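**Student:** My questions will all concern the structure given below.
The values are calculated or read from the model by the stated rules, or taken from the named source; none is laboratory data. Note that the structure is a prediction, hence the values are computed from the model and not measured. Cβ atoms come from the backbone with ideal geometry, glycine included; neighbour counts cover every protein chain shown. Side chains included, ligands, DNA and RNA excluded: accessible areas come from the protein's heavy atoms. Shrake-Rupley method; radii C 1.70, N 1.55, O 1.52, S 1.80 Å.
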Amino acid sequence: MEVPACIFNIPAALASFKPEAYMPQLMGLGPYHHCDPDLYGMELYKLAAATRLQKQFKTQEFELLVDKLMEFEYTVRACYGCYHKYLDIEGNTLMWIMAIDGLFLLEFLQIFTNKDDSEAAHLVDSAGRKLFHDSILSDVMLLENQIPFFLFSKIISIQISQDDLHDNCLPLILTTFCHSISPVKLKEDFPLTRVLDCSHLLDLLYHMIVPALADQLTQEAPGTQKSVTESKSSQQADSANSCQIFTTLWEVLSSLKIIKKIADSVKKTITRVPALSFLAAKAKESIKPENSQPKPVQVEKIMIPSASNLSEIAGVEFCPTTGDILTIKFDDKENFFYLPIITLNVHSEVIIRNLIAYEASTASDSLVFARHTELLDGIIDTAGDAKLLREKKIIVNQLKSDDAVLQLFDGIGKSVRLTNAPYFDKTIEDVNKFFYNSRRVRIYSGVRKYVFGSWKILTVFAGILLLLLTGVQSFCSVYTCPDMINPAVHN
């Protein structure tokens, strides 16, 4: 039985960014983290769960189960990717680990889908706090903690003679679990017959999130992302060219002491005008102080305006959809931006990050889920953006605050390689084209660029004007200006 590698180590680029989202906090499942001394405390819980399920089967003893599973030792090793990390564990030990962890996970999934807290009474820590919905759930969805589905099938087929559980109950349990924990809408028509064709829980969740249609939409679409980048780059280039002359003037006039005095008076005058003071407040965040310290390198975000800018400046209306991630759409005629509903709770970040890591680790050329997450990361720049999407019922926020949503998405879409999802890139291109071509945005951008983009520009103009007035005053102090302007009056 040939099984492709499907359980990978987390890429270093992702693990270094937020390691706690990828490393088990309470228990290790499978061989990768079995020897971690910080996780030894849960080994007794796993063994107790395996014993309970073994009694439920009322057939094989552990020793006999492990002996029969030894036949699949090399298949198990292949699942954990020999080109990623060699499993330096003796064969019999490895199969004991897989048997106990497999039985524990089966019981956990069964209890979770039954929603019976009484069955989970044993899942408590030393302080009596429930672990059922906390760290265990997050640890179960880690990429490095996955247990192959084929091992479930083998354990069940060895333990019981009937095939009913294998054909019906197990796939139903697995899909019910995925529907319960998924942050986004899943495909309703995912056939139960395909469930056990998936490699593990994370793989099943991924295929239930990413529709098959995505495979057709992610074929190479030349120029799509390039046009998005070129559009924004062109605007930045225009902005740089338009300000070049003012920069030169500033360098010439900055040596004049009078310029420094003018700067303060210009600022005070501008802020007294209500309309200009409002725009100044909006533009203040984008003005970088001359003496400010360089900021740390940030994770590059997707090139798209924030939700607040789209709504307040361009008049875009955000609308939730009840479908999957491919229901994202921008209607430039009605100014509607359709986004699928996403539910965020304490487990969502771990699930999303590990889905992205799994997608990046596979051989697929398309990174559909990563691109969807990058899109959300791009339009959520502030807690106000998260609040806007929450009020529009696109984000179902079960976290502590809107700021927690912002922190969750901060760099979450970072992947180890370039994404390839023209379907999403086309939507991003449409949004950017609409936004930057909108008359309201052009007016706003012009005012911010030429009026508030740099106090140096205002100071240069004020300095030139003051110099001219000073020259006129000096001239009139020597010559009689009224006589020169209207000599007939004085004659």
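**Student:** What's the FRET efficiency of GLN25 with ASN114 using the Cβ-Cβ distance as r and R₀ = 22 Å, to the nearest 0.05?
**Tutor:** 0.35
**Student:** What figure in square angstrom, to the nearest 10, would you give for the accessible area of MET303 with a 1.4 Å probe?
**Tutor:** 50
**Student:** Using a 1.4 Å probe, what is the accessible area per residue for the range 1-74, in Å²?
**Tutor:** Ligands and nucleic acids excluded, the figure is 55 Å² per residue.
**Student:** Further question: Contour minus end-to-end for SER153 and LYS187, with contour as 0.36 nm per residue of separation and end-to-end as the Cα-Cα distance? Walk me through the numbers on the way to the answer.
**Tutor:** Details: separation 34, 0.36 × 34 = 12.24 nm, distance 2.38 nm.
Length gained between SER153 and LYS187: 9.9 nm.
**Student:** THR327 to GLU63: FRET efficiency via 1/(1 + (r/R0)^6), r the Cβ-Cβ distance, R0 45 Å, to the nearest 0.05?
**Tutor:** Working: r = 52 Å, r/R0 = 1.15.
E(calc), rounded to 0.05, equals 0.30.
**Student:** Let me ask something else about it. Report the percentage of all Cα-Cα pairs in the range 341-384 whose separation exceeds 11 Å, rounded to a whole percent.
**Tutor:** Tail fraction, whole percent: 71.
**Student:** State which entries of LYS333/LYS393; LYS185/LYS333; LYS333/LYS392; LYS329/LYS392 exceed 18 angstrom in Cα-Cα distance in the structure shown.
**Tutor:** LYS333/LYS393; LYS185/LYS333; LYS333/LYS392
**Student:** Whole-Hz ³J(HN,Hα) for each residue in the range 43-51, computed from phi via Karplus 6.51 cos²θ - 1.76 cosθ + 1.60 with θ = phi - 60°, x for glycine and proline: what do you get?
**Tutor:** 4, 5, 5, 5, 5, 5, 5, 4, 5
**Student:** In whole percent, how big is the carbon plus sulfur part of the accessible area of the range 298-356, probe 1.4 Å, protein atoms only? List each step's numbers first, then the result.
**Tutor:** On the way: 1070 of 2310 Å².
Within the range 298-356, the accessible surface is 47 percent carbon and sulfur.
**Student:** Let me ask something else. Given H placed on each backbone N at 1.01 Å, which residues far from CYS319 in sequence or on other chains put an amide H within less than 5 Å of it?
**Tutor:** Under 5 Å from the amide H of CYS319: PHE337, TYR338, LEU339.
**Student:** Does a label point 7 Å from the Cα of LYS400, set along Cα-to-beta-carbon, have any residues of the range 327-361 with amide nitrogen under 17 Å, and which are they?
**Tutor:** 344-350
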